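To keep things clear, I will list the structure first and then write my remarks on it.
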Amino acid sequence: MLFGEYSHQVDAKNRIRIPSKLKSELGSGYVFMKGAAKCISVYPADKVDQLVGQFSGLSTFDKVGQESLMEFMSSFYPGDEDGQGRVVIPENLRIYAGIDKEVVTIGMVNHVDIYSKEERDRIKAEKTYSERIDILKDRLK
């Protein structure tokens with residue numbers, strides 16, 4: 001299970017290190033993609049197959065559905081690490097998430113989300129922890 005929050009920085013070559021506690025759970029192969037929120041989501045390769053498999057029944061003749069799937073699938077990038085365990089954040093994902101220098105990486109049960117520090121601060125300021133817990137409680141019903 002992936003959990004915890006870690007703050008770190010993007011280097012001059014747009015590289016980051018996935019925190020070791022999260023990387024061990026992600027496994028050796030992982031994929032970067034646009035998150036549903038203004039973030040970058042990182043999934044273990046085997047979870048990507050499950051995620052994408054949900055769309056296998058989408059009709060080839062569903063133009064709007066196929067265009068939406070195209071946008072979704074085009075945001076996937078392999079998390080290729082260099083010899084020192086750093087991975088380059090693809091430019092279009094970095095722009096999408098508004099990431100410049102400071103990032104916050106959060107374990108999200110089955111994947112990791114990477115936010116700009118500013119976006120994470122905005123989310124934290126929007127609602128109290130108690131309000132967020134109440135939202136989660138309501139979603140479980």
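Observations
- The lone exception for residue 51 - which of (1) under 24 Å from residue 136 (Cα atoms); (2) outside any helix (DSSP H, G or I) it fails: (2)
- Residue 96 fulfils the conditions (1) among the aromatic types (Phe, Trp, Tyr); (2) part of a loop (DSSP other than H, G, I, E, B); (3) closer than 26 Å to residue 3 by Cβ except for a single criterion, (2).
- Residue satisfying condition, being polar (S, T, N, Q), in contact (Cβ under 8 Å) with a residue 60 or more places away in the chain, out of contact with any Pro (no Cβ under 7 Å at 6 or more places or on another chain) and not in a helix (DSSP H, G or I), within set 28, 56, 7, 75: 7
Every residue, every condition in (1) touching a Gly at 6+ places or on another chain (Cβ under 9 Å); (2) surrounded by fewer than 18 Cβ atoms within 10 Å (Cβ to Cβ); (3) farther than 17 Å from residue 114 by Cβ; (4) not aromatic (Phe, Trp, Tyr), yes or no:
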position: 7; (1), (2), (3), (4): no, yes, no, yes
position: 10; (1), (2), (3), (4): no, no, no, yes
position: 13; (1), (2), (3), (4): no, yes, no, yes
position: 37; (1), (2), (3), (4): no, yes, no, yes
position: 44; (1), (2), (3), (4): yes, no, no, yes
position: 49; (1), (2), (3), (4): no, yes, yes, yes
position: 54; (1), (2), (3), (4): no, yes, yes, yes
position: 80; (1), (2), (3), (4): no, yes, no, yes
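No lab work stands behind these numbers, since they all come straight from the coordinates. The structure presented is a predicted model; accordingly, all values stated were derived computationally and were not measured. A quick note on method: Cβ atoms are made from the backbone with ideal geometry, for glycine too, and the neighbour counts reach across all protein chains shown.
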